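Here's the structure, in structure tokens; my notes come after.
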Amino acid sequence: MPTKLISKYSTVSGVTPSVSDLEVGELAVNVADRKLYTRDNENNVVTVNHAYSNVFASVAAMVASTTLQVGDYVSTEGYYGAGGGAANYSILAAGNYPATPDEKGAAFTLANGLVAVLQDGGSVTDLQFGVKRDNATDNGDNLVALLAAAKDPGFEVILTDGIALTNTALVIDRARYSIRGT
């Protein structure tokens, strides 16, 4: 007779195992949420399935969510709303994010204290970083912040019409960035 294997499980939506519930590599499933969890080698409980099952219309809606958990993968349909700035994020514990969240594109602090970190394939607009549209404003610091935030996760930078580059030296490494006008 075959051996029957049953992993740890919960039938209550929203319930996740704690670090003390699992050994590294041990599996647990929430059958109500259809999520599979394990404990990683950094002692975090993470979801095994990397599907972007949580979709938010905007970054603000994602940031306000209190239901996201470490290991979740999240999609936003846009930055301010569905449209420009759509991206995918991985949810980390604040202590596991090696920098300070910029709160503009690369990483956001969530309402529950976790951090949403932009994954490859996302995009960000100059508007998110406060780059101005008039020729009288020096946008060097904001533009540098935008490009610096884009560097490590490798996301697309969208420069909108009318961006002022007065007194700003702008050098783009095309191997690192995909830049297009809107």
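Numbers at a glance
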read-out	value
Spans of strands (runs of 3 or more DSSP E) in the stretch 1-64 with at least 1 residues open to solvent by less than 60 Å² (accessible area, probe 1.4 Å), within 30 Å of Gly83 (Cα to Cα) and of a type in the set (D, E, K, R)	35-39
Test result for Thr11, β-branched (Val, Ile, Thr) and in contact with an Asp or Glu (Cβ under 9 Å, 6 or more places away or on another chain)	no
Any chance Tyr73 is surrounded by 13 or more Cβ atoms within 10 Å (Cβ to Cβ) and closer than 14 Å to Ser90 by Cβ	yes
Number of the condition not met by Ile91 [criteria: (1) at pLDDT below 90; (2) of a type in the set (Val, Ile, Thr); (3) not in a loop (DSSP other than H, G, I, E, B)]	(1)
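The values are calculated or read from the model by the stated rules, or taken from the named source; none is laboratory data. Here the structure is a predicted model, which means the values were calculated and not measured. As a convention, Cβ positions derive from the backbone with ideal geometry for all residues, glycine included, and neighbour counts pool all protein chains shown. Please note that ligands, DNA and RNA were not included when accessible areas were found on the heavy atoms of the full protein model with its side chains. Shrake-Rupley method; radii C 1.70, N 1.55, O 1.52, S 1.80 Å.
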